[in-house]
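Student: My questions will all concern the structure given below.
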Amino acid sequence: MAESWSVLDTFEPNFRPLVVIELAKGTKEETVQWFTKRIVDKKANGGAQLLVKPLVMENGGENIYLVGASHLRLLLGAESVGLVKECNDNSMRTFTYSSRKTFKDFADDNHNFLTMAECQYIIKHELENLRAKDEKMIPGYPQAKLYPGKSVVRRLLTSGILVQIFPLHDREELKKLRHSWYGRVKVGYQPLDEIRCYFGETIALYFGFLEYFTFALIPMAVIGIPYYVFAWEDYDKYVMFATFNLLWSTVILEVWKRICAIMTYRWGTLLMKRQFEEPRPGFHGVLGINPITGREEPVYSSIRRQIRIYLVSLPFVCLCLYFSLYVMMIYFDLEQWALDYHEENESNFSSLMLFVPSIIYAVVIEIMNRIYRYAAEFLTSWENHRLESSYQNHLILKVLVFNFLNCFASLFYIAFVLFDMKLLRQSLATLLITSQILNQFAESLLPYWLQKRHKKRMKKRMCSLKTDTDLSLVEQVNLEKEMGTYFGTFDDYLELFLQFGYVSLFSCVYPLAAVFAVLNNITEIYSDALKMCRVYKRPFAEPTANIGVWQLAFETMSVISVVTNCILIGMSPQVNTLFPDSKMDLILTVALVEHLLLAIKFIMAFVIPDKPRDIQIKLAKLEFESLEALKQQQMKLAAESLKE
């Protein structure tokens, strides 16, 4: 590295605000001075070596600071976080400051070499890695204890001193993105590269998966309509449909891996090394030395973490699962009451009442899912996972287990205990449609309406406000700091996962599920785009190479769907008539078909490569060049030692 952190000049004549820090009103002056000093201090002194300016307000009552960085500081930060950029020879390589001239579009005066999202990600990374060294408490707040290795930003947040940190929108770029993304109704692909440049790879990958999954559902929807219309009770005709469904679910997930690899290679995140992932901001422990990187970071006993997981988290999850099953049995009592009421009255009103228990249960499921989510987040944070990826994996596992049981247990009970296919179709349709309506309302329509109301109030309060393009920086910050916070793609992927379950688990009973899923996803693309651009604060970019553990979750769901569909087909009257004398022959035949289909799925998953051939060659070439460079470096060192 030609430049070092110790000699880095942080002076920047044209300060560009990238990130906003809001402190609580009435924060003590010594606390403000200490925190801002830690931000601007040199790396060697434990600082972040960034630029900070207070936002001057007319009333002077706000504690808001703008954070930026010099161009040189951002370039060195890009090397520190391991960003991958395109070189002049069209290959993708990890950026290093010493070899900066070899990267495409790089110039010393080109401040657009790094996207605004990448710059904000670098600043977030540096702020989150501000850790206490010798401080015992936050100056001015004796109750806010610190110890070596504790994240300063995390302690300020939990103490209520730091209200929030968020990246600023780029109004001009956002306007262009809105126009190309959802500004006009059109049939076409989303501008995923533009979304990635503005919001980062994680969000772009979610919208890419949502778009891909919607297109992949179309064949299922097209085939499902005639099956629904012409073969409603003829279960033996559903065998071909269910078989196609099961093979379809394997193919789309394998093809998605290839598409994902192409996109993330183009974006550079496929090459980013996860083994150098920094400790998450909420991770705490005694300050020690990482044996791999040699850097100072908190150390926490894995035994203590396992005790927390198995003696506290696991029993709590089991208790929640039991409560979910208890609520499910109450739902069946309501179903029986509605059925009895209908048999006694036989009216249009009583016919409508048959759907009321399912609708109420669908609403209760959504409420329980959301309450459990908060508990799962608290427990997973308390377990004190070192890496963000480990934290996310444990959180997703907790939430998926509960959501799967909460959403699908009643359907399994109806299918395999009550053997009521008519009630299964009715419950499946009601749960699917109700959950889609509730999700659209809760995730997009309600926040958008609240945001519009708030924006009107802000316009009345700020007499100087004319149009969006005339906003001053002060007015922009005031508007954005009151916007809702986007907490990541977790809920969005969870919604798609549950939708995939409704479509695939009981496809031979309700083939119309794919049609409703397609219609929902088309509106979901526009409503999610709207909430990202108009409802929520701009989220920090997060580099990612794939959809993570969600890929495994979808693949697991597809395996479960093989079992459920084979059993449902084996239970149909038409199939049972083929084995009038021996139920054992029927069971063995169903098991054989199920194993055969699973074998075909696993063979297809093995045969279809996860990465296209050209991507494999490029990755192998980069690995070969890295090994050659390391070999030459070792030979050079050996030659120098011989000379001595």
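Student: Once the whole set of protein chains is in place, how much accessible area is left on SER99, using a 1.4 Å probe, in Å² to the nearest 10?
Tutor: Roll a 1.4 Å probe over it and SER99 shows about 40 Å².
Student: Quick check: pseudo-label points 7 Å beyond the Cα along Cα→Cβ at TYR341 and ARG171, how many nm apart are they?
Tutor: Label at TYR341, label at ARG171, 5.5 nm between them.
Student: Compare TYR374, TYR361 by solvent-accessible area with a 1.4 Å probe and give them largest first, with all protein chains kept in place.
Tutor: Solvent-accessible surface, decreasing: TYR374, TYR361.
Student: Only helices at least 27 Å long along their own axis, judged from Cα atoms, and with Kyte-Doolittle mean hydropathy of -0.5 or greater: name those in the chain from DSSP H.
Tutor: 201-230, 238-267, 314-345, 356-382, 388-413, 421-440, 549-571, 583-607, 613-643
Student: Can you give the accessible area of MET137 in Å² (nearest 10), computed on protein heavy atoms with a 1.4 Å probe?
Tutor: Approximately 80 Å² for this residue.
Student: Sticking with this structure for a sec: With 27 Å as the cut-off, how large is the P(r) tail for the range 305-436, expressed as percent of Cα-Cα pairs?
Tutor: Summing the P(r) tail past 27 Å for the range 305-436 gives 32 percent.
Student: Given the range 377-436 reduced to its alpha-carbon atoms as identical point scatterers, what log10 I(q)/I(0) does the Debye formula return at q = 0.12, 0.15 Å⁻¹?
Tutor: Taken in order of the listed q values, log10 I(q)/I(0) reads -0.46, -0.60.
Student: Protein chains only, probe 1.4 Å: how do THR96, THR564 rank by accessible area, largest first?
Tutor: THR96, THR564
Student: What distance in nm separates the two pseudo spin-label positions at ALA24 and GLN574, each 7 Å out from Cα along the beta-carbon direction?
Tutor: Roughly 6.7 nm, to one decimal.
Student: Also, I was wondering about something else. Using only Cα atoms, what Kirkwood radius does the chain have, in angstroms?
Tutor: It works out to 28.0 Å.
Student: Quick one: net charge of LYS136's neighbours, Cβ under 11 Å, K/R +1, D/E -1?
Tutor: Summing Lys/Arg as +1 and Asp/Glu as -1 gives +1.
Student: Grab the beta carbon distance between LEU596 and VAL327, set R0 = 30 Å, and tell me the FRET efficiency rounded to 0.05.
Tutor: The value I calculate is 0.20.
Student: Next up: Filter LYS25/LYS85; LYS104/LYS150; LYS53/LYS176; LYS101/LYS618; LYS531/LYS621 down to the pairs with a C-alpha to C-alpha distance above 31 Å, please.
Tutor: Checking Cα-Cα distances, LYS25/LYS85; LYS104/LYS150; LYS531/LYS621 exceed 31 Å.
Student: A follow-up question, please. Return the distance in nm (one decimal) between the two label points of a simple spin-label model at LEU630 and GLU482, each offset 7 Å from Cα along Cα→Cβ.
Tutor: In this crude spin-label approximation the distance works out to 5.5 nm.
Student: What Kirkwood hydrodynamic radius, in Å, does the range 100-240 give when the mean of 1/r is taken over all pairs of distinct Cα atoms and then inverted?
Tutor: In the range 100-240 this quantity evaluates to 20.6 Å.
Student: For the range 80-96, list residues with backbone N below 13 Å from a point placed 7 Å from the Cα of ASP105 toward its Cβ?
Tutor: Those under the cut-off are 85-88.
Student: Now, a different point. If you roll a 1.4 Å probe over the heavy atoms of the protein chains, what accessible area per residue do you get for the chain, in Å²?
Tutor: Ligands and nucleic acids excluded, the figure is 49 Å² per residue.
Student: Follow-up question, since we're still on this one. Can you tell me the convex hull volume per residue for the range 514-644, based on C-alpha atoms, in Å³ to the nearest whole number?
Tutor: 232
Student: Between the range 408-429 and the range 304-378, what is the C-alpha centre distance in whole Å?
Tutor: One Cα centre to the other: 14 Å.
Student: What do you get when you divide the Cα radius of gyration of the range 19-168 by 2.2 N^0.38 Å, with N the number of residues?
Tutor: Relative to the 2.2 N^0.38 Å estimate, the range 19-168 comes out at 1.18.
Student: Can you pull the three principal axis extents for the Cα set of the range 298-339, in Å, largest first?
Tutor: The Cα atoms of the range 298-339 stretch 59, 16, 7 Å along the principal axes, largest first.
Student: For every other residue with a beta carbon closer than 12 angstrom to the beta carbon of GLN120, add +1 if it is Lys or Arg and -1 if Asp or Glu, then tell me the sum.
Tutor: Charge balance near GLN120 sits at 0.
Student: Can you tally the net charge around VAL509? Count Lys and Arg as +1, Asp and Glu as -1, for every other residue whose Cβ sits under 10 Å from the Cβ of VAL509.
Tutor: +2
Student: Also, quick follow-up: As a check on your grasp of the helix formula, calculate [θ] at 222 nm for the chain: sum -39500 (n - 2.57) over DSSP H runs of n ≥ 4, divide by the residue count, round to the nearest 500.
Tutor: Result for the chain: -20000 deg cm²/dmol, rounded to the nearest 500.
Student: Sort MET220, MET584 from largest to smallest accessible area, using a 1.4 Å probe on the heavy atoms of the protein chains.
Tutor: If we order MET220, MET584 from most to least accessible, we get MET584, MET220.
Student: Round to the nearest 10 and report in Å² the accessible area of LYS481, as given by a 1.4 Å probe over the protein chains' heavy atoms.
Tutor: Surface accessible to solvent at LYS481 totals approximately 20 Å².
The values are calculated or read from the model by the stated rules, or taken from the named source; none is laboratory data. This one's a predicted model, so the numbers in the text were calculated from it and none came from an experiment. All Cβ positions, even for glycine, are placed from backbone atoms using ideal geometry, and neighbour counts span all protein chains on display. Only protein heavy atoms, including side chains, enter the accessible area calculation; ligands, DNA and RNA are left aside. Shrake-Rupley method; radii C 1.70, N 1.55, O 1.52, S 1.80 Å.
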